[in-house]
1. Against the definition (assigned by the TED database to the domain that holds Val296, under 32 Å from the mean Cα position of the chain (by Cα) and surrounded by 20 or more Cβ atoms within 10 Å (Cβ to Cβ)), how does Val214 come out, yes or no?
2. Can you tell me which residues in segment 330-352 are within 15 Å of Asn149 (Cβ to Cβ) and either small (Gly, Ala, Ser) or outside any loop (DSSP other than H, G, I, E, B) (or both)?
3. Across segment 151-164, what is the total count of residues that are crowded, with 16+ Cβ neighbours inside 10 Å and in a strand (DSSP E or B)?
4. Determine whether Asp213 is under 23 Å from Asp254 (Cα atoms), of a type in the set (Asp, Glu), free of Cβ contacts under 8 Å to residues at least 60 places away in the same chain and outside any helix (DSSP H, G or I).
5. Out of all the residues in segment 242-259, is one or more surrounded by 15 or more Cβ atoms within 10 Å (Cβ to Cβ), farther than 29 Å from Val336 by Cβ and among the hydroxyl-bearing types (Ser, Thr, Tyr)?
6. Sort out which residues of segment 165-185 are of a type in the set (Ser, Thr, Tyr) and without any contact (Cβ under 8 Å) to a residue 24 or more places away in the chain, and write them in order of number.
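The values are calculated or read from the model by the stated rules, or taken from the named source; none is laboratory data. All of these numbers come straight from a predicted model, not from anything done at the bench. All Cβ positions, glycine included, derive from the backbone under ideal geometry; neighbour counts span all protein chains shown.
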Amino acid sequence: MLDGRGEEEEAMQGYDAEELAAQLASENSRENIEKRRRQRRRRRRIAFLRGFFRLIFTMTLLIGVTVAGYYLISWGVQAYRDVRDMYEAYLVRQEENRGAVDVRFDGYTNVLVLGLDDAVNADYVPEKRADAILLVSMENATGKVRMLNIPRDTWVTMAQDRGETRLSNVYAVGGAPLMVRTINQMFDISIHQYVVIDLDTFARIVDALGGVDVYIAHDMDYDDPESGLSIHMRTGYQNLDGRAAENYLRYRSDELGDVGRTQRQQRFIKAFYAKLLRMDTLPKVPEIADILKRDVTTSAELFDSIHIGNVIRKLSTDPPRTIMLPGAVSRDDDTVWIMDRAATDEVIQELFPPEETAGTQQ
């Protein structure tokens, strides 16, 4: 009997253990299911949030790109309009400065160089005169340089029907633009740029170069206490610093007067050009460029810089050809130079040969 009850109790205990295990398994299963459900809901929320933020980011990026593109295009259109307007205004200024453009001179870059006694100012004052007048022509293809030296006392008819006077006085009447138009009228050529420089600035450039070697053909002695001018130079080769070069270029107290000074200017220009192109001048270029930028007035603008740079790079090492304006002193006033029209026309043809033969001219 006892054995039967023991077996029954053992059976009941086994049944209770199985039932308990089943219940525990069932509870674990429900917990796992609920856990998995929570995990799935969490993953769905995370996926939703990721998708939502991706959408917001994409929309923000698209809006930003669209707005930036709009402003970039608007800026580009406005920048184009500004540059176009600047270029059109530049063309108008160039036309005013140099007069009508002639296609015959497309192969040249012609620059009018004006030297003044007083400090250069873009807003010129009436008492200023052009003391040195030089028309420089650079052949674009070969880099050859030709120069026409024009005596300052040349008698001219001013452009724009402003009457007759010495060429040096034209600057006092209408500045460099009127000088350009008057010389354009005299020679029937296009002048592309002008440069205005005073003697003090020129002297600083000569000093920056380390002086210029020039042969003094005869003793030069002149004193003018009122102007503070004192010139004393001996015959022979000399290295002229800036001040000495200025005195050399201003001297006119010999029998040739202004004509003699013009001839000395030609000799000095050749020596100056040769010094400018020497290799040992290269380290001095920044100093010279700084002087030019600060103290030289020119019609050249941003739109001219590339062309001018290309022309300068091609400059020939051959000495420039310099010619004095043909003519003679006036019979009525020996301080006035009268241009010889026929001889001048020949000189202009020589300076500006036809395009097909330009490269062969010296």
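1. Criteria met by Val214.
2. Answer for segment 330-352, where residues must be within 15 Å of Asn149 (Cβ to Cβ) and either small (Gly, Ala, Ser) or outside any loop (DSSP other than H, G, I, E, B) (or both): Trp337, Met339, Ala343, Thr344, Val347, Ile348, Glu350, Leu351.
3. Number of matching residues: 3.
4. It is false that Asp213 is under 23 Å from Asp254 (Cα atoms), of a type in the set (Asp, Glu), free of Cβ contacts under 8 Å to residues at least 60 places away in the same chain and outside any helix (DSSP H, G or I).
5. no
6. Thr165
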